[in-house]
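Enquirer: Take this structure first; my questions come after.
Quick note: the coordinates plus some simple rules give every number you see, no bench work behind them. This one's a predicted model, so the numbers in the text were calculated from it and none came from an experiment. Virtual Cβ from ideal backbone geometry, glycine too; neighbours counted across all protein chains shown.
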Amino acid sequence: MRQNIKPSRASASRADFLPMSRQEMQARGWDELDILLVSGDAYVDHPAFGVPLLARLLEKRGYRVGIVAQPRWDNLEDIQKLGRPRLFCGISAGSLDSMLCHYTAFRKKRRDDAYTPGGQAGARPNRACLVYSNLVKAAFPGLCLVLGGVEASLRRFAHYDFWSDSLRRSLLLDSKADLLVYGMGEYAIAEIAQRLQKQQGLEGIRGTLRVCTEPGSASLLPSYEEILADKVKLLWATSEMESAMHAGLPLAQKHGQRYVFCEPPAPLPSEAELDSYYELPFTREAHPSYRQAIPAVAMLKWSMTALRGCAGGCAFCSLASHQGRLVCSRSPASLRKEAQALTRLKGWRGQVSDVGGPTANLWGASCRIEGKGCRRPSCLFPDFCPQLRLEQGAYIEMLRSLEKLPGVKKVGIASGLRFDLALRDPDFCQALVGEFVSGQLKLAPEHSEDKVLRLMRKTDFSLFEEFSQRFAKLCRQCGKEQYIVPYVMSAYPGCSMADMQAMQAWFKRRGWKPQQAQCFIPTPGTIATAMYYAETDLQGNKIYVAKSDREREDQHAVLYGQQKKGSRTSRKTR
């Protein structure tokens, strides 16, 4: 649905943004760019948006960087408007995979896009990385082309594509790009720029993939052709990719007569490096050229990223594949500095909407062995790893220090939060409920049935019930009326109609009605998607998979009892 949101008057001038036009280049005294970045999102100068963050990082290193946001794809005018860059062009589909951005779990066209002015859908093409790559190659023949972002990162090897119901090759091969950057790209893009500036080769850059004719010493994944012949091999390949990324090992996969060679992941940024990324001079606003507001700005403007990475390793989640399983966190001093900067922005109302990341209460967490030699797919499943060191108490103290800052009235947590970890620290639970929940706490048990949860790599449902009871007790003690909103999933690989009926019965016994229910979408690069494609679990056992839209819709409808499919309820979950 198109959102009618009135934009506030921009407090930053065009000169405060990176250039999006020739006029803005000329105002800086530039006759050409060093680096052009193309994005499927509108240009919002905020650290939660990947392309602006990388652009600011390159700017700090002295490069002349311009941004082309959501270019038209029926001609070359938008791509060419800033001219041919001297070093390279970087391409990202945006904050989401473009196919996920466009289509629902039932393959129906979405009517809105939160990363586009006015919330209007259709400003980016399907398979945006491929389309933008073709545009750049036509506009600037011979220019070095680098892919990055979520769409590229999760499609770096042969992958199942839900929307075409087919196995597709590595995006690097189909795009004919020179390099593909996977994961968080700060290290790789800075190294690429430096190498090209010095006219050096691009081999051996960590966090990148390239095409080669020999795999060298890399571990070999099943080839594209082998997976085409045997679907189960996608599961093995995905599992190996997961393990190798955590262990820091190179991988290669054959496609025809060539290989895609994947360097080990980029080094984890230090606390000081991570701080420096988020202390770059962001305006936290949309570019002044937009006449309509961008819904994502309202969602993210007053939020702060405190950490990266997720130790959970849930089978359906792409976070660990993209950001890594090892957690890196910002310092309390850096977060306080950012919070103080928020209080000086136009529109500030006293509340930091979120201080978190993939899993908020993993802030400060660390691995005693730094993952070396570790083959576990998750630090939290099937049980808590003794090598994982938590800092939930320090997280609470950091949040309290933010609330003490002049001009800050309230600090909230809107990111994901692991209730199984919260239960390990009663003091954390008490502070969370008493101080940092603003009416509702969103949690993700995902399902009620242990069989399904094991396939998801989620902890036992009894822990969610235990946390719910503790939450209710603490709310009574605090004299607060607060609610848990559980996220649940339908049509997950291995989930039957009987499993969905059991979950619906659980809601019914408690008088709850589901508010946040998502039908499973097989996104590229995850274990769950490989299980969906192969119709087996990781042990090779056959599992039931709801594959037709009718089966998936029926499972989803079970959650709502006799209600019309897809209906929503306004009743709060308590």
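Enquirer: Quick one: Cα convex hull volume of the stretch 101-195, Å³ per residue?
Expert: Numbers: hull volume 11.9 nm³, N = 95.
Roughly 126 Å³ of hull volume per residue.
Enquirer: Oh, and also: What trypsin sites (Lys or Arg not before Pro) in the stretch 230-333 are in a loop by DSSP, with at most 14 other Cβ atoms within 10 Å of the Cβ? Walk me through the intermediate numbers first.
Expert: Values: sites: Lys231, Lys233, Lys254, Arg258, Arg284, Arg291, Lys301, Arg308, Arg325, Arg330; in loops: Lys231, Arg284, Arg291, Lys301, Arg325, Arg330.
Passing sites in the stretch 230-333 are Arg291.
Enquirer: Have a look at Tyr115, Gly62, Met184 and report the one farthest towards the positive end of the charge dipole of the stretch 15-202, computed about the Cα centre with Cβ charges (Lys/Arg +1, Asp/Glu -1).
Expert: Comparing the listed Cα positions along the dipole, Met184 ranks first.
Enquirer: Still on this model: Provide the per-residue ³J(HN,Hα) series for the stretch 82-93, in order, calculated from phi with Karplus coefficients 6.51, -1.76, 1.60 and θ = phi - 60°, each as a whole number of Hz, with x at glycine and proline positions.
Expert: Calculated HN-Hα couplings, in order: 9, x, 6, x, 6, 9, 6, 10, x, 10, 9, 6 Hz.
Enquirer: Next question. How large is the Kirkwood hydrodynamic radius of the stretch 15-202, counting all unique pairs of alpha carbons, in Å?
Expert: Computed over Cα pairs of the stretch 15-202, the Kirkwood hydrodynamic radius comes out at 16.7 Å.
Enquirer: Quick one: if you stick a label point 7 Å off each Cα along the C-beta vector at Tyr487 and Lys372, how many nm between them?
Expert: Roughly 3.4 nm, to one decimal.
Enquirer: Along its three principal axes, how long is the stretch 401-517 when you only count alpha carbons? Whole Å, largest extent first please.
Expert: So the three principal-axis extents are 53, 26, 24 Å.
Enquirer: Let me ask something additional. Tell me the GluC sites (Glu not before Pro) within the stretch 439-503 that lie in a loop according to DSSP and have at most 12 other beta-carbon atoms within 10 Å. Walk me through the numbers before you get to the answer.
Expert: Numbers: sites: Glu446, Glu449, Glu465, Glu466, Glu481; in loops: Glu449, Glu481.
Those satisfying the criteria are Glu481.
Enquirer: List every residue whose amide H lies under 5 Å from the amide H of Gln440, counting only residues 5 or more places away in sequence or on a different chain, with H placed 1.01 Å from N in the peptide plane.
Expert: Under 5 Å from the amide H of Gln440: Tyr483.
Enquirer: Using modelled backbone amide H atoms (1.01 Å from N, in-plane), which distant-in-sequence or interchain residues come within less than 5 Å of Tyr103's amide H?
Expert: Placed amide hydrogens put Arg110 under 5 Å from Tyr103.
Enquirer: May I ask what percent, to the nearest 5, of DSSP beta bridges between residues of the chain are antiparallel?
Expert: DSSP beta bridges in the chain are roughly 40 percent antiparallel.
Enquirer: May I pose another question? Which FRET efficiency value, to the nearest 0.05, is calculated for Glu466 and Arg389 with the Förster distance at 30 angstrom and r the Cβ-Cβ distance?
Expert: Values: r = 23 Å, r/R0 = 0.77.
FRET efficiency, Glu466 to Arg389: 0.85.
Enquirer: I've got another one for you. Roughly what % of Cα-Cα distances in the stretch 439-574 sit above 25 Å, to the whole percent? Please list the in-between numbers first.
Expert: Values: 2700 of 9180 pairs.
In whole percent, the share of Cα-Cα pairs in the stretch 439-574 beyond 25 Å is 29.
Enquirer: Rg and Dmax in Å for the stretch 330-377, alpha carbons only: what are they?
Expert: Computed over the Cα atoms of the stretch 330-377, radius of gyration and Dmax are 16.1, 49 Å.
Enquirer: Still on this model: Can you spot the lysines whose alpha carbon is less than 18 Å from Lys176's alpha carbon? Ignore those fewer than 8 places along the same chain.
Expert: Straight-distance partners of Lys176: Lys137, Lys254.
Enquirer: Can you list residues whose amide H is under 5 Å from Ile91's amide H, if they're 5+ apart or on another chain and H is modeled 1.01 Å from N?
Expert: Placed amide hydrogens put Val38, Val146, Leu147, Gly148 under 5 Å from Ile91.
Enquirer: What distance in nm separates the simple spin-label points at Arg86 and Arg424, each placed 7 Å from Cα in the Cβ direction?
Expert: Rounded to a tenth, the inter-label distance reads 5.0 nm.
Enquirer: Could you tell me what a quarter of the Cα convex hull surface of the stretch 302-415 works out to, in nm² with one decimal place? All intermediate terms of the calculation are to be shown ahead of the outcome.
Expert: Values: hull surface 30.4 nm².
Dividing the Cα hull surface by four gives the mean projection, 7.6 nm².
Enquirer: For the stretch 69-80, just list the computed ³J(HN,Hα) in residue order, Karplus coefficients 6.51, -1.76 and 1.60, θ = phi - 60°, integers in Hz, with x standing in for Gly and Pro.
Expert: Karplus-based 3J(HN,Hα) across the stretch 69-80 equals 9, 6, x, 5, 10, 9, 7, 9, 4, 5, 5, 8 Hz.
Enquirer: Another question, if that's okay. Can you order the peptides 362-369, 452-459 by their average number of other Cβ atoms within 10 Å per residue, highest first? Spell out each step's value before the answer.
Expert: Details: 362-369: 19.4, 452-459: 21.9.
Per-residue mean Cβ counts within 10 Å order the peptides as 452-459, 362-369.
Enquirer: Equivalent ellipsoid semi-axes for the stretch 373-430, as square roots of 5 times the alpha carbon gyration tensor eigenvalues: give them largest first, rounded to whole Å. List each step's numbers first, then the result.
Expert: Working: eigenvalues 166, 27, 23 Å².
For the stretch 373-430, the ellipsoid semi-axes come out as 29, 12, 11 Å.
Enquirer: So if I average 1/r over every pair of distinct C-alpha atoms in the stretch 10-107 and take the inverse, what Kirkwood radius in Å does that give?
Expert: Numbers: mean 1/r = 0.0703 Å⁻¹.
So the Kirkwood estimate lands at 14.2 Å.
Enquirer: OK, next. Rg and Dmax of the chain, using alpha carbons, in Å: what are they?
Expert: Values for the chain (Cα only, Rg and Dmax): 23.4, 68 Å.
Enquirer: Here's a follow-up. Quick one: Val485, Val352, fewest Cβ neighbours within 10 Å first, how do they rank?
Expert: Details: Val485 17, Val352 25.
Lowest to highest Cβ neighbour count: Val485, Val352.
Enquirer: What value in Å³ per residue do you get for the convex hull of the alpha-carbon atoms in the stretch 214-322? Walk me through the intermediate numbers first.
Expert: Details: hull volume 21.7 nm³, N = 109.
Given the Cα convex hull of the stretch 214-322, per-residue volume reads 199 Å³.
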